[in-house]
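Chemist: Below you will find the structure I want to go over with you.
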Amino acid sequence: MTAIETAEELIGRMAKAARRAAAAMARIGAADKAEALRAAAQAIRDRAPDILAANARDLDRATAAGLSSAMLDRLRLDEARLASTADAVETIAGLDDVVGRVVDESRRPNGMVLQRVRVPLGVIAIIYESRPNVTADAGALCLKSGNAVILRGGSEAVESNRAIHAAMAGALAAHGLPAEAMQLVPSTDRAAVGAMLRAQGLIDMVVPRGGKSLVARVQDEARVPVLAHLDGINHIFVHAGADPEKARAIVVNAKLRRTGVCGAMETLLVDRAYQGAAALVEALVAGGCEVRGDADVQALDPRVLPASDADWDTEYLEAIVSIALVDDLDAALAHIDAHGSHHTDAIVTEDVAVADRFLGEVDSAIVIHNASTQFADGGEFGLGAEIGISTGRLHARGPVALEGLTTYKWLVRGTGQTRP
């Protein structure tokens, strides 16, 4: 953005270029996209010293600015993480192409043949914080699905994002993809985000990836469709019919495997008839987790702190969990309905009828029986990668991968039919 170019002018110019690139991307075949993305993955590997040096400069500034250890960890790249980023791009290159896939086909009584066929969405904007690997994996997913993408990373990762984008963009252009198909917003001015959110008619969908304040701003201000989730207030209900060893392993993994991911369990609900509630508390405390509970849970273990009303509506993203004893399945369902965020909820039980009720009645994007909520991930779902988790009810829900970055159109083939 130049001194005389406003944020609206910058984003308008980039979006119009992206629109032209999207039209070109729709004509590029699966093999050519895959070859270009493999070249982009190799470019990340070849330019690793430059990317890591850029990341070191970002880390120095972020440390001086007092960013938290968690934020610094998300920002940090090392040789292993960068290699994993390149591998992810190569994996995306090898995924089955969804563009042109026939969703369904039918023949009308008058002989016309109708097909619904997958097509790209068009221009996708990704607004993200901290993690520079998003530049690579979000860009690759959008291109693989035939879209053009405009990336706007956070100021804390500006040099890392620019280095990764430069490596990929050169390789992509050298292999026939339009240069404007993957653009990085050059400005870190917050006004650029606002301009993206107001770019209706130019940008087809916005995907925010970051903290609650970023996602809330995007959802509040956007005039274009948004694909996102705001909170991951995820529950596990341990039913009276749960296997104790299975319950312990699932609960500990769901809370403590990685506390900062959106699939982490934040609230544990335990059936009063379940005999192992104290053992679950013990296992969590032993794992280094702070436990906050209602009066019944506090009575189980003196180390349990009292839970406030706010705890039941909190996404901790750290080693803290809230626990409540509930009377039965109905009470668990009512609690989840009142306090859940429609992200991921799970039940642990050997009673199939109870599990089926839970799976059918919990209104979340992902509902799980006898497994950890930490499986809420596109890679674990066999999707190869994801651009995010959607808790909305329209277009796409749950882990959003290639198919979620497409829509469909109707193809109608006739032999001269006219409508009477």
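Taken together, the values in this text are just the output of simple stated rules run on the coordinates, not laboratory data. Predicted model, so just to flag it, every value in this text is computed and none were measured. FYI the Cβ positions are ideal-geometry reconstructions off the backbone, even for glycines, and counts take in every protein chain you see.
Chemist: Give me the number: length gained by fully extending R413 to A240, i.e. 0.36 nm times residue separation minus the C-alpha to C-alpha distance, one decimal in nm.
Modeler: Contour length minus Cα-Cα distance gives 56.6 nm.
Chemist: With a 10 Å cut-off between alpha carbons and a GNM built on the chain, which of N234, N110, N161 moves the most?
Modeler: Answer for the Gaussian network model of the chain: N110.
Chemist: Okay, next question. Projecting each Cα onto the charge dipole of the chain (Lys/Arg +1, Asp/Glu -1 at the beta carbon, about the Cα centre), which of I126, T63, A338 comes out farthest on the positive side?
Modeler: I126
Chemist: If I build a Gaussian network model for the chain, linking alpha-carbon pairs within less than 10 angstrom, which residue out of L317, L184, L300 has the largest mean-square fluctuation?
Modeler: Evaluated over the chain, the most mobile residue of the options is L300.
Chemist: Tally the DSSP beta bridges in the chain and give the antiparallel ones as a percent, rounded to 5.
Modeler: If I count the DSSP bridges inside the chain, around 30 percent turn out antiparallel.
Chemist: Could you list the square roots of 5 times each eigenvalue of the Cα gyration tensor of the chain, that is, the equivalent ellipsoid semi-axes, sorted largest first and rounded to whole Å?
Modeler: Taking √(5λ) for each Cα gyration eigenvalue gives 40, 29, 19 Å.
Chemist: How far is the Cα center of region 104-179 from the Cα center of region 18-77, in Å?
Modeler: If you average the Cα positions of each part, the centres end up 13 Å apart.
Chemist: In which sequence would M205, M265, M25 go, from the one with the fewest C-beta neighbours within 10 Å to the one with the most?
Modeler: M205, M25, M265
Chemist: Taking 7 Å along the Cα-to-C-beta vector as the label spot, tell me the E9-K212 distance in nanometres, rounded to one decimal.
Modeler: Here the answer is 3.9 nm between the modelled labels.
Chemist: Would you mind ranking R257, R107, R419 by Cβ crowding within 10 Å, fewest neighbours first?
Modeler: R419, R107, R257
Chemist: Can you tell me the length gained on complete extension of the stretch A174 to E282, counting 0.36 nm per residue apart and subtracting the Cα distance?
Modeler: Gain in length upon complete extension: 33.1 nm.
Chemist: Label region 234-380 by shape, choosing from rounded, prolate and oblate, from the square roots a ≥ b ≥ c of the eigenvalues of the Cα gyration tensor; if a/c is under 1.5 it is rounded, and otherwise prolate applies when a/b is larger than b/c, oblate when it is not.
Modeler: Cα axes put region 234-380 in the rounded bin.
Chemist: Around R20, under 15 Å between beta carbons, what's the net of Lys plus Arg minus Asp minus Glu among the other residues?
Modeler: Local net charge: +2.
Chemist: Additional query: Report the gain in length on full extension from A334 to D313: 0.36 nm times residue separation, minus Cα-Cα distance, nm rounded to one decimal.
Modeler: Stretched fully, the A334-D313 segment lengthens by 6.2 nm.
Chemist: Follow-up. Taking the alpha-carbon centroid of each part, what is the distance from region 244-314 to region 214-233 in angstrom?
Modeler: For region 244-314 versus region 214-233, the Cα centre distance is 29 Å.
Chemist: Shifting gears a bit: Near the amide H of V103, under 5 Å away, which other amide H atoms are found, from residues 5 or more places off or on another chain, if H is placed in the peptide plane?
Modeler: R116, V117, R118
Chemist: Right, something else. For region 78-237, give the magnitude of the charge dipole about the Cα centre (Cβ charges: +1 Lys/Arg, -1 Asp/Glu; no others), in debye to the nearest 20.
Modeler: That gives region 78-237 a dipole magnitude of about 600 debye.
Chemist: Rounded to whole Hz and in sequence order, give me ³J(HN,Hα) for region 252-269 from the Karplus expression 6.51 cos²θ - 1.76 cosθ + 1.60, θ = phi - 60°, writing x for Gly and Pro.
Modeler: Each residue's phi maps through the Karplus curve to give 5, 5, 5, 8, 10, 4, 9, 6, x, 8, 5, x, 5, 5, 10, 10, 10, 10 Hz.
Chemist: If we count other beta carbons within 10 Å of each Cβ, what is the order of W410, W312, fewest first?
Modeler: In order of increasing Cβ crowding within 10 Å: W410, W312.
Chemist: Right, another one. If each of N110 and R357 carries a label point 7 Å out from its Cα toward its Cβ, how far apart are those two points in nm?
Modeler: 5.1
Chemist: Another one. Taking +1 at the Cβ of each Lys and Arg and -1 at the Cβ of each Asp and Glu, which of L230, L52, A192 sits farthest along the dipole of the chain towards its positive end, judged by Cα position relative to the Cα centre?
Modeler: Value: A192.
Chemist: Put a dot 7 Å past each Cα toward the Cβ at A70 and K16; how far apart are the dots in nm?
Modeler: Between K16 and A70, the simple spin-label model gives 4.3 nm.
Chemist: A follow-up question, please. Calculate one ³J(HN,Hα) per residue across region 49-58 by plugging θ = phi - 60° into the Karplus curve 6.51 cos²θ - 1.76 cosθ + 1.60, and present them in order as whole Hz with x for glycine and proline.
Modeler: Running phi through 6.51 cos²θ - 1.76 cosθ + 1.60 with θ = phi - 60° gives x, 5, 5, 5, 5, 5, 5, 4, 5, 4 Hz.
Chemist: Add -39500 (n - 2.57) for each DSSP H run of 4 or more in the chain, then divide by its residues: what number comes out at 222 nm, to the nearest 500 deg cm²/dmol?
Modeler: Calculated from helices alone, the mean residue ellipticity at 222 nm is -12500 deg cm²/dmol.
Chemist: Take L394, project a point 7 Å from its Cα along the Cβ direction, then tell me which residues of region 209-240 have their backbone nitrogen under 12 Å from it.
Modeler: 223-227
Chemist: Checking the cross-link filter: which lysines have an alpha carbon closer than 19 Å to that of K255, excluding same-chain neighbours under 8 positions apart?
Modeler: K246
Chemist: Further question on the same structure: Which residues' amide hydrogens lie under 5 Å from the amide hydrogen of G388, considering only partners 5 or more residues apart or on another chain, with H built in the peptide plane?
Modeler: Residues meeting the criterion, in which the H sits 1.01 Å from N, are V400.
Chemist: If you place +1 on the Cβ of every Lys and Arg, -1 on the Cβ of every Asp and Glu, and leave all else neutral, what size is the dipole of region 234-380 about its Cα centre, to the nearest 20 Debye?
Modeler: Charge dipole, region 234-380, about its Cα centre: 520 debye, nearest 20.
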